[in-house]
Amino acid sequence: MTETMDHLASWLRDARSEKGWTQGKLAEELGTSQSAVARMETGKQNLSLRMIRRLEDLFEATLLTPARPRVTHLRVEGGHQLSGAVDVNSSKNAGVALLLASLINRGTTTLRRLARIEEVNRIVEVLASIGVECTWLNDNDLQIRRPAVLDLDAMDVDAARRTRSVIMLLGPLLDEREEYQLPYAGGCDLGTRTVEPHMQALRQFGLAVEAKSGFYLVQAPEADSKDRTFVLTERGDTVTENAIMAAAHRTGTTVIRNASPNYMVQDLCFYLQMLGVTIEGIGTTTLRITGRTNIDQDIEYFPSEDPIEAMSLITAGIVTNSEVTVRRVPIEFMEIELAFLQHMGQELEISGEYVARNGHTRLVDVTTKPSKLHASVDKIHPMPFPGMNIDNLPFFAVIAANAEGQTMIHDWVYENRAIYLTELNRLGANVQLLDPHRIYVNGPTKWRAAEIGCPPALRPAACLLLAMLAARGTSTLRNIYVIERGYADLADRLNSIGARIEYFED
């Protein structure tokens, strides 16, 4: 062990010197102190597996050679109360849309405090493969500049297939080339997620798409300046974003009805406004967009905070019966969720409002208090904004498991996600599956430790981690890639408020 630490210390000194960095600069990049770096370089600081992986990414090197592809797991020592405060990170979904929308801009886009998650990493890999310059200025600021001509034939197919967001390239690439192909979209397994609503919207601009052998064959429309009005058959977030991005580089006026007014759609609109695109009706279901051609602006933009991460952190406080303050909660997109919690007996302190760095989104701080919960009288179900967010619904399964009585949860959007929530039973919950969309959750639960593999759906996987915080003993959550796809260092941030979670590989 001592020899390994000495080897790592020597390597780190050499790698830092090659970059011409001071210890202070390396500390800044790692988000730690200069004294900690000094201890690392003298072999006096134990390096966690997580820190070693961060150093590997930072210096583009391999320090620990695995016998097979790395799979990361979590070991959770549960049954402890949490305390303290934690900030909400910027939105994953907004960040992905903004990355793709940057292709509309021929100037330089700098996205500040971008969520550094696997989903973002995959999109960055796709963009880089087609010639886009993507430069991390520090741990969370990304500078993006596209070339005059994108090399779509060189697209990283493997990275593209690992994210459903690749379908959102169709809007910004509307008339990039007469003909090109995109890999089929991937992502987490939530049942059949048809791309037909995207196609219906983009056909309004003349785009033609044909599915062939694992790829979408795309034939671009000719540029025009026509006005057009259409109705989305599905008020989906990504469908709305695709249509908005297509309209942003059409000089005519596009009216989109039944548009999603959700948080990531609003962020996209605010960004496009900074590029000079005229957008009316932000936050409503009718958008009027007058686009521009030849957009060339050097701008920076701060994505707003993530209401789904906010709900995750609030749930951690509730399930452990703790007093935890979650700062920078986007209240406009959390009001229904917080109202449901209060109706179930959850005591919350909510601060006054302040404005996010994007200059638009309203934020508050929310403090959970130890409370005795009772089951919701009404079934809990999602609705398009301003209703309860579909991605926040699963957390109510964990919360309802702590409540006295029976709660019905109706996940009408996804075919399989309710089934994944029955995995909570392995931690002591009593979740009864009624059909692929509905569950009864019976509480209260005496949580118990268990070893569980992550389901292939992001939010149910996060729910298992949160429930493990309440389960006395040591639990193991295996293969957490799906969580890392949607959260930036969730376990580390839970540890900052008193959780006891350890990363490991085998």
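Taking all protein chains into account, the per residue accessible area for the chain stands at 41 Å² (1.4 Å probe). Per the Cα gyration tensor, region 417-473 maps to an equivalent ellipsoid with semi-axes of 18, 14, 8 Å, ordered largest to smallest. With N counted as the residues of region 233-322, its alpha-carbon radius of gyration over 2.2 N^0.38 Å works out to 1.32.
Between Thr22 and Glu56, the modelled label-to-label distance comes to 3.1 nm, taking each label 7 Å out from Cα in the direction of the beta carbon. How would you classify region 364-506 from its alpha-carbon gyration tensor, with a ≥ b ≥ c the square roots of the eigenvalues: rounded for a/c under 1.5, else prolate if a/b is greater than b/c, otherwise oblate? Rounded, because the longest to shortest axis ratio a/c is under 1.5. With K and R counted +1 and D and E -1, the other residues having a Cβ less than 14 Å from that of Arg362 yield a net charge of -3.
When you count the other C-beta atoms within 10 angstrom of each residue and take the mean per peptide, 10-16, 361-367, 314-320 line up highest first as 314-320, 361-367, 10-16.
Is region 153-259 rounded, prolate or oblate when judged by the Cα gyration tensor, a ≥ b ≥ c being the square roots of its eigenvalues, rounded requiring a/c under 1.5 and prolate requiring a/b larger than b/c? Here region 153-259 falls in the oblate category.
Accessible surface for Thr284 stands near 60 Å², nearest 10, in the context of the full protein assembly shown (1.4 Å probe). Take the alpha carbon gyration tensor of region 303-453, find the square roots of its eigenvalues, order them as a ≥ b ≥ c, and report rounded if a/c is under 1.5; if not, report prolate when a/b exceeds b/c, else oblate. It is prolate, given that a/c is not under 1.5 and a/b is the larger ratio. When each of the peptides 429-436, 261-268 is scored by the mean number of other C-beta atoms lying within 10 Å of its residues, the order from highest to lowest reads 261-268, 429-436. What is the calculated FRET efficiency for Ala85 to Phe230, with r their C-beta to C-beta distance and R₀ = 45 Å, to the nearest 0.05? Result of the calculation: an efficiency of 0.50. Per-residue Karplus couplings for region 10-17, computed as 6.51 cos²θ - 1.76 cosθ + 1.60 with θ equal to phi - 60°, are listed in order as 5, 4, 5, 4, 5, 5, 5, 5 Hz, Gly and Pro entered as x. Judged by the mean number of other Cβ atoms found within 10 Å, the most tightly packed of the peptides 93-106, 217-230 leads the ranking 93-106, 217-230. Using alpha carbons only, the radius of gyration of region 99-154 set against its Kirkwood radius gives Rg/Rh = 0.94.
The Rg/Rh ratio of the chain, with both radii computed over alpha carbons and Rh defined as the Kirkwood radius, is 0.97. Spatial offset of region 233-271 relative to region 432-506 amounts to 34 Å, using the alpha carbon center of each.
Restricting everything to alpha-carbon atoms, can you work out Rg to Rh for region 254-380 with a Kirkwood hydrodynamic radius? Over the Cα atoms of region 254-380, Rg/Rh equals 1.08.
Distance between the 7 Å Cα→Cβ label points at Arg106 and Phe504: 5.6 nm. Shown is the FRET efficiency for Gln143 and Thr42, computed with R0 = 41 Å from the Cβ-Cβ distance and rounded to the nearest 0.05: 0.75. Against the criterion of solvent-accessible heavy-atom surface with a 1.4 angstrom probe, His73, His343, His80, His374 sort, most first, into His343, His374, His80, His73. Couplings 3J(HN,Hα) of region 217-226, computed from phi: 8, 10, 10, 6, x, 6, 5, 8, 10, 6 Hz, in residue order, whole Hz [Karplus 6.51 cos²θ - 1.76 cosθ + 1.60, θ = phi - 60°; x for Gly and Pro]. Note on Gln219/Met274: beta-carbon distance plugged into 1/(1 + (r/R0)^6) with R0 of 25 Å gives a FRET efficiency of 0.20.
The values are calculated or read from the model by the stated rules, or taken from the named source; none is laboratory data. Everything numeric here is computed off the predicted structure, so don't read it as measured data. Virtual Cβ from ideal backbone geometry, glycine too; neighbours counted across all protein chains shown. Each accessible area value is taken on the protein alone, full model and side chains, heavy atoms only, with ligands, DNA and RNA left out. Shrake-Rupley method; radii C 1.70, N 1.55, O 1.52, S 1.80 Å.
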